[in-house]
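Chemist: Once you've had a glance at the structure underneath, I'll fire off some questions.
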Amino acid sequence: MFDLDTVLESTTPADELEEVVMGLIINSGHARSLAYTALKQAKQGDFDGAKALMEQSRLALNEAHLVQTKLIEGDQGEGRVKMSLVLVHAQDHLMTSMLARELITELIELHEKLK
């Protein structure tokens, strides 16, 4: 596990920041995968299973979002966090996962109403 305060120091090796970025990608990807699995469960009429998966998705997304928030706070608008293509990709991955989860929540509710 990484120490985010250490990562935010200007002397932090790039591999430590990469570990943080990979955590963003992994957690947000896991959250999105769980949400799509929940949608599949809802399509099959298993709404309790879908809700349980969506809760797991929420927890994974919260982990990723917490890391993102700490990176933003630690940067303090001063460029303390080294910008890289991988970091941009991680941010993009997180935001698309958040959007997918929001839309899937709505789709599950619609499936439940239709049943």
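The values are calculated or read from the model by the stated rules, or taken from the named source; none is laboratory data. Fair warning: this is a prediction, and the values are worked out from it, not measured in the lab. Virtual Cβ from ideal backbone geometry, glycine too; neighbours counted across all protein chains shown. What goes into the accessible areas is simple: the full protein's heavy atoms, side chains included, and nothing from ligands, DNA or RNA. Shrake-Rupley method; radii C 1.70, N 1.55, O 1.52, S 1.80 Å.
Chemist: For E73, are the conditions met, namely being over 14 Å from T37 (Cβ atoms), part of a helix (DSSP H, G or I) and either open to solvent by 90 Å² or more (accessible area, probe 1.4 Å) or among the polar types (S, T, N, Q) (or both)? Can you show your working first?
Modeler: On the way: over 14 Å from T37 (Cβ atoms): yes; part of a helix (DSSP H, G or I): yes; either open to solvent by 90 Å² or more (accessible area, probe 1.4 Å) or among the polar types (S, T, N, Q) (or both): yes.
Yes: the conditions hold for E73.
Chemist: Another one. Would you tally the residues in the stretch 18-45 being open to solvent by less than 60 Å² (accessible area, probe 1.4 Å) and either outside any helix (DSSP H, G or I) or among the acidic types (D, E) (or both)?
Modeler: Qualifying residue count, the stretch 18-45: 1.
Chemist: Let me ask something additional. Is it true that Q56 is open to solvent by 30 Å² or more (accessible area, probe 1.4 Å), within 15 Å of the chain's Cα centre (by Cα) and at pLDDT 95 or above? Break it down stepwise before answering.
Modeler: Details: open to solvent by 30 Å² or more (accessible area, probe 1.4 Å): yes; within 15 Å of the chain's Cα centre (by Cα): yes; at pLDDT 95 or above: yes.
Yes; evaluated as a whole, the condition is true for this residue.
Residues are listed down the side, and each one gets a yes or a no for (1) out of contact with any His (no Cβ under 6 Å at 6 or more places or on another chain); (2) in contact (Cβ under 8 Å) with a residue 40 or more places away in the chain; (3) closer than 13 Å to A90 by Cβ; (4) not aromatic (F, W, Y):
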| site | (1), (2), (3), (4) |
| --- | --- |
| Y36 | yes, yes, no, no |
| K40 | yes, no, no, yes |
| D46 | yes, no, no, yes |
| E55 | yes, no, no, yes |
| N62 | yes, no, no, yes |
| D75 | yes, yes, no, yes |
